[in-house]
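The values are calculated or read from the model by the stated rules, or taken from the named source; none is laboratory data. What you see is a predicted model, and the numbers here were worked out from it, not measured in a lab. Methodologically, a virtual Cβ is constructed for each residue, glycine included, from the backbone with ideal geometry; neighbour enumeration extends over all protein chains shown.
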Amino acid sequence: MAEDKAQAAAIAVEAADQAANEEDLSFEAPTRGSAEELLDAGAHAPIDAMRHSAAHVMAEAVLDLFPGAKLGIGPAIADGFYYDFQLPRALTPADLEAIEQRMRASVKADHSFVREELPFDDARSRVEGEGQSFKVEILDDLRARAEAAGEPPPVTSFYAHGSFHDLCRGPHVPSTGKIGPFKLLAVSGAYWRGDQSRDALQRIYGTVWETDEELHQFIWRREEAKKRDHRRLGVQLDLFSFHDVSPGSAFWHPKGWRLYQTLRNAMRELQDRRGYDEVYTPPLVHQKLWQQSGHWDFYRDNMYLVDVEGTWFSLKPMNCPESTYIYKTQLRSYRDLPLRLAEYGVLHRNELSGVLSGLTRVRHFVTDDAHIYVRPDQIGAEIEALMGEIREAYSWFGLTPTLTFGTRPDKALGDPAIWDETEAIMRAELDRSGLEYRVKEKDGAFYAPKIDIQITDALGREWQTATIQVDRLMLPERFDLWYIDDQGRQQRPVAIHRAIYGSLERFIGVLTEHFAGAFPLWCAPVQAVVIPIADRHVDAAKELAGELRAAGVRFVDVDASDNRMQNKIRLAQGQKVPYMLILGDREVEARSATVRKRGAAKEAPQETLSWSDLAWRLGEEVRSRSLG
């Protein structure tokens, strides 16, 4: 989507930090990547204070077991906490048990958390004397920042419990006894300040909750998430694979590509009904386009650059600027609008290797982008229609989208009056839609208020999938777009950026985990397997498969292997195939099939249907996009 990622992200982070500090502390919000951020507890809600306190207790336990350990940082994070350590050896599962035991002793002792403020030089002398070089570096960076601003070094704070203290801004719970049920989860590698050229550290992750029930629920969800991991299921179901010759790019296997195309075709059918025109624009684009859009200055580090005869081109990281070139090929009238241009463009973003994660974080992907050019008086009707598109598309998967409405950030472009007018229109349509939404003040893109779309999966995890942005500034102004109104005057159009799936790769990763690979019949990569009991039934099995395909059940396999029938059924169940259709002598003679549904118990009664009834029933289930 058309978003200046670097600037927009900075604005969003700034707003989030400001809101958090209003609730908890009087300190100024840390700038991302700064030394101040390394002192930030990450504690912006009551449970986070408990989690950060647990990180301190864990650091205490590690220092007890490894007296020479050097401490990195230990913030609260979603669902838990971590702390980074430089240790003399790699940690083992037995070490985690020992650390947990010492933590439990500290919690039982119920030591108070006590805040201590020290003059800057005293604080630095303390951590230097303790050999905590990472803490020394944090303080030196804070001093340098203060000197650059012509200010004295700041007063620093420590938090102590028992004999342990740590350089920290807080907040914490009153005492260690207020820390709820916890568990250490894993150890992973990390680098100091996220820089691969810096010291290698060991990061211990843990989780803590207010009740045992919440902890047990979290552990269950975590184990279930491992089973549902789309990277594992992608191999098991033969959907896709990843290879080091192209990191961050999926190699789609035939079954996975069936799923991919089915989802894309469903969205294309929706778009056809709504009057979209599909376009395609080049993936390699001259730097002047990105300079005009603003991405060259703010987003270049995330772009793949190509030197062509001494001139810089880039593989496009988003589709939107190129749509303006199509818009400008003709003189547009007010009668031509809305103009809805959809594109499944191939995008590339230069993500760090350490953040790549299967389909959910990739370097190469496709989005179901659309750029809709409307008159200002058409904004409301178009937003209303988009709400209907969202509701329909997510109903195909049994998902109810929730929305967040991001309003004007502090560093927004353009006239505040235009922002207020646009936000009022969007808010009215959100209210009219009946969809659940929450307002995130100052979270809009720097050029447009936006509606972000979230879904909650079967494990209760929230995923952001896509966005709608009402842009009256960036594309219309920077690319000098016009239409002629009914009085013959030139007017600026409004550009609505929208995606519903978002990245198809990411959306398929989310769906794979949501359904645990057991996709609904309409989008399953193998919709039915016909299982002939003996070789003499194979020809009839192929004939039945043909009838099913003619009825709209496109992805039908015939298992003509030498395996026994029960092994064939087991294999189909392992592949999470919705229907297994068994043919023996009686079925072939009657032109029928015994139907076994995915997940049915062995003792469950099995239905026998004629080929014509079976083709109609399954075809109707596909056409209706039933969830089964």
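General remarks:
- All helices (runs of 4 or more DSSP H) inside region 1-104 with 3 or more residues being crowded, with 18+ Cβ neighbours inside 10 Å, out of contact with any strand residue (DSSP E or B) (no Cβ under 7 Å at 6 or more places or on another chain) and at pLDDT below 95: 5-24, 35-39
- Test: residue in region 144-156 that is closer than 20 Å to HIS56 by Cβ and crowded, with 16+ Cβ neighbours inside 10 Å: yes
- If only residues of region 229-239 that are under 16 Å from the mean Cα position of the chain (by Cα) and charged (D, E, K, R) are counted, the one that is farthest from ALA458 (Cα to Cα) is ARG231.
- Evaluation of ALA381 against the conditions (1) under 24 Å from LEU305 (Cα atoms); (2) without any contact (Cβ under 8 Å) to a residue 12 or more places away in the chain; (3) aliphatic (A, V, I, L, M) shows that the sole unmet condition is (1).
- Scanning region 523-534 for residues that are surrounded by 24 or more Cβ atoms within 10 Å (Cβ to Cβ), in contact (Cβ under 8 Å) with a residue 60 or more places away in the chain and not in a loop (DSSP other than H, G, I, E, B) gives ALA528, VAL530.
- Residues in region 144-195 that are acidic (Asp, Glu) and without any contact (Cβ under 8 Å) to a residue 24 or more places away in the chain: GLU147, GLU151, ASP195.
- Qualifying strands (runs of 3 or more DSSP E) (wholly inside region 286-398; at least 2 residues being exposed (fewer than 15 other Cβ atoms within 10 Å of the Cβ) and not assigned by TED's automatic domain parsing to the domain that holds ILE455): 304-308
- The residue list VAL107, VAL114 contains one member that is surrounded by 17 or more Cβ atoms within 10 Å (Cβ to Cβ), modelled with pLDDT of 95 or more and closer than 20 Å to HIS161 by Cβ, which is VAL107.
- Qualifying residue in region 370-378 (condition: under 26 Å from HIS230 (Cβ atoms) and without any contact (Cβ under 8 Å) to a residue 24 or more places away in the chain): no
- Put simply, of GLY488, GLY517 the only residue that is under 26 Å from the mean Cα position of the chain (by Cα) and either at pLDDT 95 or above or surrounded by fewer than 16 Cβ atoms within 10 Å (Cβ to Cβ) (or both) is GLY517.
- Within region 419-458, tally of residues that are aliphatic (A, V, I, L, M), at pLDDT below 90 and surrounded by fewer than 20 Cβ atoms within 10 Å (Cβ to Cβ): 1
- A single entry from GLY180, GLY189 fulfils the requirement of being touching a Leu at 6+ places or on another chain (Cβ under 9 Å) and exposed (fewer than 14 other Cβ atoms within 10 Å of the Cβ): GLY189.
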